[in-house]
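This report refers to the structure that appears directly beneath it.
The values are calculated or read from the model by the stated rules, or taken from the named source; none is laboratory data. Bear in mind that the values here come from a model prediction, so they are computed numbers and not experimental data. Don't worry about glycine lacking a Cβ; one is built from the backbone with ideal geometry, like all the others, and counts go over all protein chains shown.
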Amino acid sequence: MPKRTDIQSVLVIGSGPIVIGQAAEFDYSGTQACRVLKAEGLRVILVNSNPATIMTDPEIADATYVEPITPEFVEKIIAKERPDTLLPTLGGQTALNTAISMHEQGVLEKYGVELIGANVEAINKGEDRDLFKGVVEAVRAKIGHGESARSVICHSMDDVIQGVETLGGYPVVVRPSFTMGGAGSGFAHDEEELRRIAGQGLTLSPTTEVLLEESILGWKEYELELMRDKHDNVVVVCSIENFDPMGVHTGDSITVAPSMTLTDREYQRLRDIGIAIIREVGVDTGGCNIQFAVNPDDGRIIVIEMNPRVSRSSALASKATGFPIAKIAAKLAVGYTLDEIPNDITEKTPASFEPTLDYVVVKAPRFAFEKFPSADSTLTTTMKSVGEAMAIGRNFTEALQKALRSLEKKGSQFTFVGEPGDKAELLAEAVRPTDGRINSVMQAIRAGATPEEVFDATKIDPWFVDQLFLIKEIADELAAADKLDPELLAEAKRHGFSDVQIGEIRGLREDVVREVRHALGVRPVYKTVDTCAAEFAAKTPYFYSSYDEETEVAPREKPAVIILGSGPNRIGQGIEFDYSCVHASFALSDAGYETVMVNCNPETVSTDYDTSDRLYFEPLTLEDVLEIVHAETLAGPIAGVIVQLGGQTPLGLSQALKDNGVPVVGTPPEAIHAAEDRGAFGQVLAEAGLPAPKHGTATTFAGAKAIADEIGYPVLVRPSYVLGGRGMEIVYDETRLASYIEESTEISPSRPVLVDRFLDDAIEIDVDALYDGHELYLGGVMEHIEEAGIHSGDSACALPPITLGGFDIKRLRASTEAIAKGVGVRGLINIQFAMAGDILYVLEANPRASRTVPFTSKATAVPLAKAAARISLGATVAELRAEGLLPAVGDGGELPLDAPISVKEAVMPWSRFRDIHGRGVDTILGPEMRSTGEVMGIDSVFGTAYAKSQAGAYGPLPTKGRAFISVANRDKRSMIFPARELVAHGFELLATSGTAEVLKRNGINATVVRKQSEGEGPNGEKTIVQLIHEGEVDLIVNTPYGTGGRLDGYDIRTAAVARSVPCLTTVQALAAAVQGIDALNHGDVGVRSLQEHAEHLTAARD
Amino acid sequence: MTTSIQGTASQRRKAAPAVLVLEDGRTFRGRAYGAVGVTFGEAVFSTGMTGYQETLTDPSYHRQVVVMTAPHVGNTGVNDDDPESKRIWVAGYVVRDPARVPSNWRSRRSLDEELVQQGVVGISGIDTRALTRHLRERGAMRVGIFSGNALPDAGTMLAEVRQAPEMKGASLYEEVATKETYVVPAIGPDGEAVPIGAAKYTVAAVDLGIKGMTPHRMAERGIEVHVLPATASVEDIYAVEPDGVFFSNGPGDPAKAEHPVSVMRAVLERKTPLFGICFGNQILGRALGFGTYKLKYGHRGINQPVQDRTTGKVEVTAHNHGFAVDAPLDKVSETPYGRAEVSHVCLNDQVVEGLQLLDRPAFSVQYHPEAAAGPHDAAYLFDRFVELMEGQRA
């Protein structure tokens, strides 16, 4: 039964901004699906507010709406496009919830849109805890296996407290219904914890529902990825076993595929249950993910949950097996059956089979607790990781060690030197699951812990524990050996030891180990991920390294370009860099090169085997990259290696690669140094006559004080060697400077502190540009909404700039060209400027693709990363203009006056983190980046574009109601006009006494409310925090100042996060919001596709 | 937790050297696994990621050296419930990374111990993927594993491998089948054994290398199974007054199975409901007059897509066969027992995976619906067998 002929168009909903629990994997899935649907001849209409995605590239869909994913906006798109069908299963929980809500509101019926890929009943059965329990019971009645954990559904705190008795006491698990990534769930060991977790869970759940469950902490945890077609054919694509037992969210666990510790009987039982569930739930076509817990003592199986959609795990399973779940789900949704779809990898066999692996896959999570020092780092059932790395090896130890080094984080690799510490302390530490627990376990083993002790502390399966012992034994052998003989070296490599680790153990430099290894002929071979354990020949060159005998890398004739990806997503280096790498691959392929991608992030489009001609799923360390370059050199000519597009990860390898004779193309390592080294960059600026804020370095308080006294407060201070704004702070006075120096453990004579003049009230400007050595192409100029001092990644910005004139652009262009030339850029450069008074200061320059490249590309309809890749390989701006890759005339600095305004807004992960007392973490923005993702709002005027960006990021701005205002003294002047506007729009203002007084004197009435510190009034007058919690406040404006007033603000801001009330923490954001509210209140806000915007822009350019 | 039986990494690395030699001369060097010694057989690869205990004890692997494509083997140890027969049948075992510590609540001992105890010679630490690719490209072939501290020279080893018997033309089923008849009682709805003679159906199962799960799947459906030796005569079969007759899986070349073929023809004559699995399917093919042939490298795994041509549905199935029936896929064939058609086909390579007679109550499949190891998708075939027996009564 082939494709349905009654469908001509399909609306695909994306997942919106990258947030914890819903990340780049949905770009991978959505991109695959859109491409497949388009290839099937359907008109594909896409909505996704996230500009950093490949799926929102104009060529992926026929009509691409970068608009907020809210029922309101999606209805506008439906009304305009009138799609036949809606595919809601590829955009995570966001898409599913939006689709369900539109179904419930009758929108789908009204416009005659058919839901495909999942029906509402199945979605509800899979997602609603109570209904799903019924499903599991029905399955048990049919096949005799599977049960749910004992549980009770609660709709109020009273239900919750009573529920604990029903379950037989603490600990219990709290799971709110219909939230993504397990948001709001957790373990409660006593009533206090229970009240807190369940209270938040009831709020977070759109149905005010939480489930209370018996604890199955410490059980083995498994996942199955299944697919079903309309003929009821079902296959299990992959089994995944969690290294960390039950109690840690699977997104935060180290996970392994295939399952390692199940007999066939036990595995088949999980499979039987899984198949019975997908049938019972009624997922007609598509994929689902089912999680199980297995009691290690007797094998009792509990079904934890299912996701009736493509998920993070399905993306991982696709990468782990070579079976593209999203792509096949899309085909099934339009009528194909599994046996009609060929297996891409073998081309000859059908997709109606179950992949079998002859390798082991390990995924390890990447956390960002260092960005949230007050957050509790204990891992729970709420996901907290911001990214992940996957590694493939021919055995578990190899895959595990590769995964750990792929994390690219200090201390993530096992270390075998130095004192391990006290065994008992280490074991006690390992009881609590945290980021890096596996390293504590390894140290405990080094300190003499027995396998039994490790198991008792962690409940990690004894087989896995033994594998850790195996690694440790090999480390011991390496340490004890007289010399590195080939046999021992090969054995160490077969268990995943890196040259760095071996060097550390032997007291040798990494390059010396490598030299010895090469001399002894110990080098990796590359094996293929082929879905079938070599039973059939693979047509897709998807490789991983192993220290085996036979390599499968085929010779080639075309010159290859190797593109180094960006590794695991982390705050500051996310999907935006993957976007640039993918674009490079596409552009270079079009230009006649063979493209070779290297990356270890399973969530991404770059690691789709369809993206490049060859894919190496490998860590991005010097060793791993050098071996790949070697293997590809043997295969055929290499045109170059691109390090510029994957962010800091590959950029950091640039010099070492060049030193090893690797042909790095694009901006040379020396130029990178010129931009990154403070002294060298200062030289570049001086030669170009460009000002930078005054600065100095100091190693003591006295030194720092002297600098600060000279350049004047406030100053921006930071440790000298960190990246991404770590430990950066704006210091307003000497007292704080003293305590900063005292608190910072990272400052010493060898690690000075940098003290910069902080430009108060400056406008920050971001520029993305291309330079070919002769000509500059200004990609775009972004004006930040928030003032300088807030990390550019966390700041909203507008493109074209909303308050800069032609003269400013001219200055920016000249400065950018001078820097690009002075540094020696060949490709992309990103420069941050600050405009203070009339002086344009240069803050920093990054000679690489920046986070804003996808945003700039979409806002100006010019593919900057593609152009950069071509320039790296020798093309000029003039040539690219002639070719049509760049506009024939003009650039991103001179957009027509009627060009649309694009606003980028950052999305923050506040709601994910709590401190050890269970209180929220503070939400103020600062010089350290903490956002996980971004959205774009695009419209003809700034106000509407800003309102869209807010709707996309945090939910719609309120158009009426109550606004609470409390600002720092320095902001009180700037607050008056926006406050007046709010009143004009019918808002009732609430304020604390100080702010209310200022407003009153300016003729604006505001109701005084009590501060949290004042407590409830004598007549029961509520504090602002109480009012927020009770849902009495619709908009919050709260700007912090230094350390004073901070505590009060903290409670307000965390309450806002808990209740999801829009909270503006800068006056600039307030001013922009007022423009947005104004736009929303004045007439209809429309939707327009990127293709329409581009057409308009191109027409205006011509 | 069980303590390490295999010793430390260093002890393991110092295990006796072992060499695997293929008849075309390709050689892999690794370490001894299981018993130390010499063994020969046909090199075949199995792609299942679970179920090594079932694989090792499947009589169809008699005289074969099995290469596991899954790298980790032995993780769940050995228990006393999962074996498919009373002993390990594989002639040799090839794995990449054997477990040092078994971990499973049902585990009784380590796989290594079990292999040593049963004298099974194995090799570990070789590039099993390279070996698998070699067998895929060149076809299944003879192989020898030599382990120990005093290995013969390369030429001697190769010569020995080339002297070993080939699988084509080998008659092996008698070597693995039971010598005495035994009865597997039916299982009642209460989960208890039904007294002998009181079951709803009786089946005579001809043992050509039967796996333990097969009579169990029948017993679960109320069938009392009389498992007869491979040499059983037609009279022996009808002496148990069967409602149906079953022909099992088994090793070797079906072209050398004259006796079972003639017995099956007699059963077809009498129109007794008949069901065959694997070797039993090849016997039915030959009984109907079709040919059988050796596949290049066979089907061995638990992920094979088979389409039931009567319903169009695809089932994921367990396979272990090196031979197949040569029957036309696109038409109904006339046979001495009426019309026959191919009921099941493997979607990977269009190999015949099932036959059924349209005029008599007989059918068979080339794969393993009893599925141990493997998925349970094809268990419905046992229900079909029951329906045939039920239909014959009505």
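Suppose we filter A:GLU221, A:GLU147 for residues that are under 30 Å from B:VAL314 (Cα atoms) and in contact with a Pro (Cβ under 7 Å, 6 or more places away or on another chain); which single one remains?
On the way: A:GLU147 fails: in contact with a Pro (Cβ under 7 Å, 6 or more places away or on another chain).
So the residue among A:GLU221, A:GLU147 that is under 30 Å from B:VAL314 (Cα atoms) and in contact with a Pro (Cβ under 7 Å, 6 or more places away or on another chain) is A:GLU221.
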> Are any residues in the range A:219-273 among the small types (Gly, Ala, Ser) and either within 12 Å of chain B (Cβ to nearest Cβ) or part of a loop (DSSP other than H, G, I, E, B) (or both), and if so, which ones?
Replying inline: A:SER239, A:GLY247, A:SER253, A:ALA257, A:SER259
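Collect the residues in the range A:742-753 that are touching a residue at least 12 places away in the same chain (Cβ under 8 Å) and surrounded by fewer than 21 Cβ atoms within 10 Å (Cβ to Cβ), keeping them in residue-number order. So that I can check it myself, show each step before the final result.
Pass one, the range A:742-753, residues touching a residue at least 12 places away in the same chain (Cβ under 8 Å): A:742, A:744, A:746-749, A:751-753.
Selection gives A:GLU742, A:SER744, A:GLU746, A:SER748, A:PRO749, A:ARG751, A:PRO752.
Residues being crowded, with 21+ Cβ neighbours inside 10 Å, within 25 Å of A:GLY696 (Cα to Cα) and charged (D, E, K, R): count how many of those fall in the range A:757-782. Break it down into steps so the answer makes sense when it comes.
Taking the range A:757-782 first, the residues crowded, with 21+ Cβ neighbours inside 10 Å are A:757-759, A:762-772, A:776-782.
Now drop any that are not within 25 Å of A:GLY696 (Cα to Cα), which leaves A:757-759, A:762-766.
After this cut, where a residue has to be charged (D, E, K, R) as well, the list is A:757, A:764, A:766.
The qualifying residues number 3.
Hey, among the residues in the range B:125-144 that are among the small types (Gly, Ala, Ser) and within 11 Å of chain A (Cβ to nearest Cβ), which one's surrounded by the fewest Cβ atoms within 10 Å (Cβ to Cβ)?
As a first pass, look at the range B:125-144 and keep what is among the small types (Gly, Ala, Ser): B:125, B:130, B:139-140, B:144.
With the extra rule that they be within 11 Å of chain A (Cβ to nearest Cβ), the set shrinks to B:125, B:130.
Details: B:GLY125: 22, B:ALA130: 19.
Among residues in the range B:125-144 that are among the small types (Gly, Ala, Ser) and within 11 Å of chain A (Cβ to nearest Cβ), the one surrounded by the fewest Cβ atoms within 10 Å (Cβ to Cβ) is B:ALA130.
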> So how many residues does the range A:931-961 have that are at pLDDT below 90 and under 19 Å from A:ALA23 (Cα atoms)?
Replying inline: 2
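Evaluate the following for A:GLU576: is it more than 30 Å from A:SER385 (Cα to Cα) and acidic (Asp, Glu)?
Numbers: more than 30 Å from A:SER385 (Cα to Cα): no; acidic (Asp, Glu): yes.
When the stated conditions are applied, A:GLU576 does not pass them.
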> With A:GLU221, A:GLU209, A:GLU214 as the choices, which residue is of a type outside the set (Phe, Trp, Tyr) and buried (at least 22 other Cβ atoms within 10 Å of the Cβ)?
Replying inline: A:GLU221
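Could you check the range A:115-156 and list, in sequence order, the residues that are touching a Leu at 6+ places or on another chain (Cβ under 7 Å) and either surrounded by fewer than 17 Cβ atoms within 10 Å (Cβ to Cβ) or part of a helix (DSSP H, G or I) (or both)? Let's see the steps before the verdict.
Step one: of the range A:115-156, the residues touching a Leu at 6+ places or on another chain (Cβ under 7 Å) are A:115-117, A:123-125, A:129, A:150-154.
Within the range A:115-156, A:ILE123, A:ASN124, A:LYS125, A:ARG129, A:ARG150, A:ILE153 meet the criteria.
If you take just the strands (runs of 3 or more DSSP E) that sit entirely in the range B:203-316, which of them hold at least 1 residues that are within 14 Å of chain A (Cβ to nearest Cβ) and surrounded by fewer than 24 Cβ atoms within 10 Å (Cβ to Cβ)?
Details: elements: B:223-228, B:244-247, B:274-277, B:291-308.
Where strands (runs of 3 or more DSSP E) fall fully within the range B:203-316 and carry at least 1 residues being within 14 Å of chain A (Cβ to nearest Cβ) and surrounded by fewer than 24 Cβ atoms within 10 Å (Cβ to Cβ), they are B:291-308.
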> Can you tell me which residue in the range A:938-978 is surrounded by the most Cβ atoms within 10 Å (Cβ to Cβ), limited to those that are over 30 Å from A:PHE73 (Cα atoms) and of a type in the set (Ser, Thr, Tyr)?
Replying inline: A:SER966
> Say we look at the range A:332-366 and pick out the residues that are surrounded by fewer than 24 Cβ atoms within 10 Å (Cβ to Cβ) and away from chain B (no Cβ under 14 Å); which of these is modelled with the lowest pLDDT?
Replying inline: A:ASP344
>> For the range A:431-455, which positions are without any contact (Cβ under 8 Å) to a residue 24 or more places away in the chain, closer than 22 Å to B:ASN104 by Cβ and not β-branched (Val, Ile, Thr)?
In response: A:PRO451, A:GLU452, A:PHE455
>> What's the number of the only condition in (1) more than 14 Å from every other protein chain (Cβ to nearest Cβ); (2) among the aliphatic types (A, V, I, L, M); (3) in a strand (DSSP E or B) that B:VAL345 fails to meet?
In response: (1)
> Looking only at residues in the range A:295-322 that are within 14 Å of chain B (Cβ to nearest Cβ) and out of contact with any helix residue (DSSP H, G or I) (no Cβ under 7 Å at 6 or more places or on another chain), which one is surrounded by the most Cβ atoms within 10 Å (Cβ to Cβ)?
Replying inline: A:ALA320
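With the range A:618-677 as the region, which helices (runs of 4 or more DSSP H) entirely inside it contain at least 1 residues that are over 28 Å from A:ALA688 (Cα atoms)?
Working: elements: A:622-635, A:648-651, A:654-659, A:669-676.
Answer list for the range A:618-677: A:622-635, A:648-651, A:654-659.
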> Only one of these conditions is not met by A:PRO927: (1) surrounded by fewer than 24 Cβ atoms within 10 Å (Cβ to Cβ); (2) touching a Pro at 6+ places or on another chain (Cβ under 9 Å). Which number is it?
Replying inline: (2)
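From the list A:ALA490, A:ALA449, A:ALA430, A:ALA479, exactly one residue is assigned to a helix (DSSP H, G or I) and either buried (at least 21 other Cβ atoms within 10 Å of the Cβ) or more than 14 Å from chain B (Cβ to nearest Cβ) (or both). Which is it? Spell out how you get there, then give the answer.
Working: A:ALA490 fails: either buried (at least 21 other Cβ atoms within 10 Å of the Cβ) or more than 14 Å from chain B (Cβ to nearest Cβ) (or both); A:ALA449 fails: assigned to a helix (DSSP H, G or I); A:ALA479 fails: either buried (at least 21 other Cβ atoms within 10 Å of the Cβ) or more than 14 Å from chain B (Cβ to nearest Cβ) (or both).
Sole residue among the options that is assigned to a helix (DSSP H, G or I) and either buried (at least 21 other Cβ atoms within 10 Å of the Cβ) or more than 14 Å from chain B (Cβ to nearest Cβ) (or both): A:ALA430.
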> Which residues, taken from the range A:733-759, are modelled with pLDDT under 85 and under 31 Å from the mean Cα position of the chain (by Cα)?
Replying inline: A:GLU743, A:SER744, A:THR745, A:GLU746, A:ILE747, A:ARG751
> Could you list, in sequence order, the residues of the range A:221-271 that are more than 29 Å from the chain's Cα centre (by Cα), charged (D, E, K, R) and closer than 25 Å to B:ARG108 by Cβ?
Replying inline: A:ASP264, A:ARG265, A:GLU266, A:ARG269, A:ARG271
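Please work out if A:ALA554 is surrounded by fewer than 21 Cβ atoms within 10 Å (Cβ to Cβ) and of a type in the set (Gly, Ala, Ser). If you could, list the steps in order and put the result at the bottom.
Working: surrounded by fewer than 21 Cβ atoms within 10 Å (Cβ to Cβ): yes; of a type in the set (Gly, Ala, Ser): yes.
Criteria met by A:ALA554.
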> Under the condition of being more than 14 Å from B:HIS321 (Cα to Cα) and assigned to a loop (DSSP other than H, G, I, E, B), which residue from the range B:354-372 is modelled with the lowest pLDDT?
Replying inline: B:ALA372
> Of everything in the range A:497-537 that's more than 10 Å from chain B (Cβ to nearest Cβ), in contact (Cβ under 8 Å) with a residue 60 or more places away in the chain and in a loop (DSSP other than H, G, I, E, B), which residue is surrounded by the most Cβ atoms within 10 Å (Cβ to Cβ)?
Replying inline: A:PHE497
> Across the range B:89-108, which residue is nearest to the other protein chains (Cβ to nearest Cβ) among those that are under 27 Å from B:ASN249 (Cβ atoms) and β-branched (Val, Ile, Thr)?
Replying inline: B:VAL95
